[in-house]
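What follows is one structure encoded as structure tokens, with my remarks underneath.
The values are calculated or read from the model by the stated rules, or taken from the named source; none is laboratory data. On a predicted model such as this, the values are computed, not experimentally measured, just so you know. Cβ coordinates were reconstructed from backbone atoms using ideal geometry, including for glycine residues, and neighbour counts include every protein chain displayed. The protein model used for the area step is the full one, side chains on, heavy atoms only, and it has no ligands, DNA or RNA in it. Shrake-Rupley method; radii C 1.70, N 1.55, O 1.52, S 1.80 Å.
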Amino acid sequence: MERIVRHITRHLNESDRTDIADFDTLIGDVRICVEFETYMDTVLLKTSEVLDRDWDLLDEDSAVLASRLKPVLEEYNRNHREAFAQAHHVISDRIF
């Protein structure tokens with residue numbers, strides 16, 4: 001599961017924040033499907049699914065993935081807000 005979360009975190013960090021593409025890939029023997037949506041300036045988890053070789057949903061693994069992605073998205077959004085606030089302060093300092 002840690003490997004999957006690392007892949008998704010890398011995907012988030014490499015994506016344009018305003019239009020994050022869905023994550024849909026095979027990792028090991030499972031297919032990982034994650035959809036994001038951006039509301040205001042916050043990236044939210046729309047769906048996260050873990051599918052087996054036959055593309056059957058693995059409910060427990062999907063629930064674990066969603067719970068592991070929650071703190072990742074919270075940190076991602078917090079970092080963006082902090083960077084935005086710092087940029088705003090820098091611009092304000094330059095004006096005055």
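The set of residues in region 26-44 that are of a type outside the set (Phe, Trp, Tyr), within 26 Å of residue 78 (Cβ to Cβ) and touching a strand residue (DSSP E or B) at 6+ places or on another chain (Cβ under 8 Å) comprises 32, 33, 34, 35, 37, 38, 43, 44. Pairs are defined by a Cβ separation below 9 Å, a sequence spacing of at least 6 or placement on different chains, a first member in region 73-96 that is closer than 25 Å to residue 15 by Cα, and a second member that is among the basic types (Lys, Arg) and modelled with pLDDT of 75 or more; the pairs so defined are 76/17; 80/17. Residue count for region 48-72, restricted to those that are surrounded by 11 or more Cβ atoms within 10 Å (Cβ to Cβ) and not in a helix (DSSP H, G or I): 7.
If the condition is being touching a residue at least 24 places away in the same chain (Cβ under 8 Å) and assigned to a loop (DSSP other than H, G, I, E, B), then region 9-29 contributes 17, 28, 29. Only a single criterion out of (1) in contact (Cβ under 8 Å) with a residue 24 or more places away in the chain; (2) part of a helix (DSSP H, G or I) is not satisfied by residue 32, namely (2). Being farther than 18 Å from residue 74 by Cβ and surrounded by 11 or more Cβ atoms within 10 Å (Cβ to Cβ) is the filter here, so list the residues in region 8-25 that pass it. Once the filter is applied, which keeps residues that are farther than 18 Å from residue 74 by Cβ and surrounded by 11 or more Cβ atoms within 10 Å (Cβ to Cβ), region 8-25 yields 21, 22, 24, 25. In this structure, is residue 5 in contact (Cβ under 8 Å) with a residue 24 or more places away in the chain, surrounded by 10 or more Cβ atoms within 10 Å (Cβ to Cβ), part of a strand (DSSP E or B) and under 16 Å from the mean Cα position of the chain (by Cα)? Considered against the rule, which asks whether it is in contact (Cβ under 8 Å) with a residue 24 or more places away in the chain, surrounded by 10 or more Cβ atoms within 10 Å (Cβ to Cβ), part of a strand (DSSP E or B) and under 16 Å from the mean Cα position of the chain (by Cα), residue 5 comes out as no. Restricting attention to region 77-91 and to residues that are open to solvent by less than 90 Å² (accessible area, probe 1.4 Å) and either closer than 24 Å to residue 45 by Cα or among the hydroxyl-bearing types (Ser, Thr, Tyr) (or both), the residue that is modelled with the highest pLDDT turns out to be 77.
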